[in-house]
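Novice: Next up is a structure, given as structure tokens.
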Amino acid sequence: MPRTVKKSLTERENSTLLAVCSNPDDLQSLREILEPDHWDVQYASTCDEALSLMRQSNPAVVACESELPDGSWKELFNLATHLLDPPPVVVVSRHADENLWAEVLNLGGYDVIATPFERTEVSRVMQMASRYGRAQVERV
């Protein structure tokens, strides 16, 4: 078991974000915002692609659109919770409101970010989510 924890910590220290979105402008914005902080931004456009990438790369954080072509953030979040070291999930939405935020937090998601993105907010949330994910792995 310690081998798995060490591997997960090392991989997560690389600050990999899995962006699950169908909007290319949002993906480009995330890359531009996170590049100065040395994030490796990977991309998936569906829940199925995202699950495959989560298993392969063990991202530090997953940023997921609230609605995807083959499901929703809830479905992706449920898939992520079955991984050995589930990453924190941040929901991205043009219609971010208090109800979505409360639902995400109540179900165990990390946070909600509204689009269009605000550079400082995205950077802050991703850094904090990454730290949270590392702390969860260390507790194992």
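Novice: How much accessible area per residue does the chain have, in Å², with a 1.4 Å probe?
Specialist: 54
Novice: With every protein chain in place, what's the accessible area of Leu107 (1.4 Å probe, Å², nearest 10)?
Specialist: Roughly 90 Å² of Leu107 is accessible to a 1.4 Å probe.
Novice: Using P(r) over Cα pairs in 10 Å bins from 0, in percent as the read-out, say which of [x] 10, 33, 24, 17, 11, 5, 0; [y] 12, 39, 37, 11, 0; [z] 12, 48, 34, 5, 0 was calculated from these coordinates.
Specialist: So the calculated entry is the one marked [z].
Novice: Taking 0.36 nm per residue of separation and subtracting the Cα-Cα distance, what length does fully extending Glu98 through Gln56 add?
Specialist: Here the segment from Glu98 to Gln56 would lengthen by 11.8 nm.
Novice: Further question on the same structure: How would you rank 58-67, 73-82, highest first, on the average number of other Cβ atoms within 10 Å across their residues?
Specialist: Sorting 58-67, 73-82 by mean packing, highest first, produces 58-67, 73-82.
Novice: While we're on this one: Per 0.36 nm of contour for each residue apart, how much would the distance between Ala135 and Glu121 grow if the chain were fully extended, relative to their Cα-Cα spacing?
Specialist: 2.9 nm
Novice: Turning to a different aspect of this structure: Would you please give the residues with an amide H less than 5 Å from that of Ala63, counting only those at least 5 places away or on a separate chain, with H modeled from the backbone geometry?
Specialist: Excluding prolines and chain starts, which carry no amide H, the hits are Leu18, Ala19, Val20, Val90.
Novice: If you don't mind, there's one more thing I want to ask. What accessible area, in Å² to the nearest ten, does a 1.4 Å probe give for Val90?
Specialist: Roll a 1.4 Å probe over it and Val90 shows about 0 Å².
Novice: In segment 56-115, carbon and sulfur make up what percent of the accessible area (probe 1.4 Å)? Show your work: numbers first, answer last.
Specialist: Numbers: 1460 of 2860 Å².
For segment 56-115, the apolar C and S fraction of the accessible surface comes to 51 percent.
Novice: Additional query: From the Cα gyration tensor of segment 24-76, with a ≥ b ≥ c the square roots of its eigenvalues, which class applies: rounded if a/c is under 1.5, or else prolate if a/b is larger than b/c, or else oblate? Kindly include the intermediate steps, with their values, before the conclusion.
Specialist: Details: a/c = 2.35, a/b = 1.41, b/c = 1.66.
Note, shape of segment 24-76 comes out oblate.
Novice: Taking the simple approach of a point 7 Å from Cα along Cα-to-Cβ for both Leu105 and Lys74, what is their distance in nm?
Specialist: The modelled label-to-label distance comes out at 1.9 nm.
Novice: Could you work out how far apart the two model spin labels at Glu67 and Thr81 are, taking each label as a point 7 Å from the Cα in the direction of the beta carbon, and quote it in nm?
Specialist: Using points 7 Å along Cα→Cβ, the separation is 2.3 nm.
Novice: Put a dot 7 Å past each Cα toward the Cβ at Met128 and His38; how far apart are the dots in nm?
Specialist: 2.3
Novice: Ignoring ligands and nucleic acids, what accessible area does Thr46 show with a 1.4 Å probe (Å², nearest 10)?
Specialist: 30
The values are calculated or read from the model by the stated rules, or taken from the named source; none is laboratory data. The structure displayed is predicted, hence computed values, not measured ones. Using ideal geometry, Cβ is built from the backbone for each residue, glycine included, and neighbour counts are taken over all protein chains shown. Please note that ligands, DNA and RNA were not included when accessible areas were found on the heavy atoms of the full protein model with its side chains. Shrake-Rupley method; radii C 1.70, N 1.55, O 1.52, S 1.80 Å.
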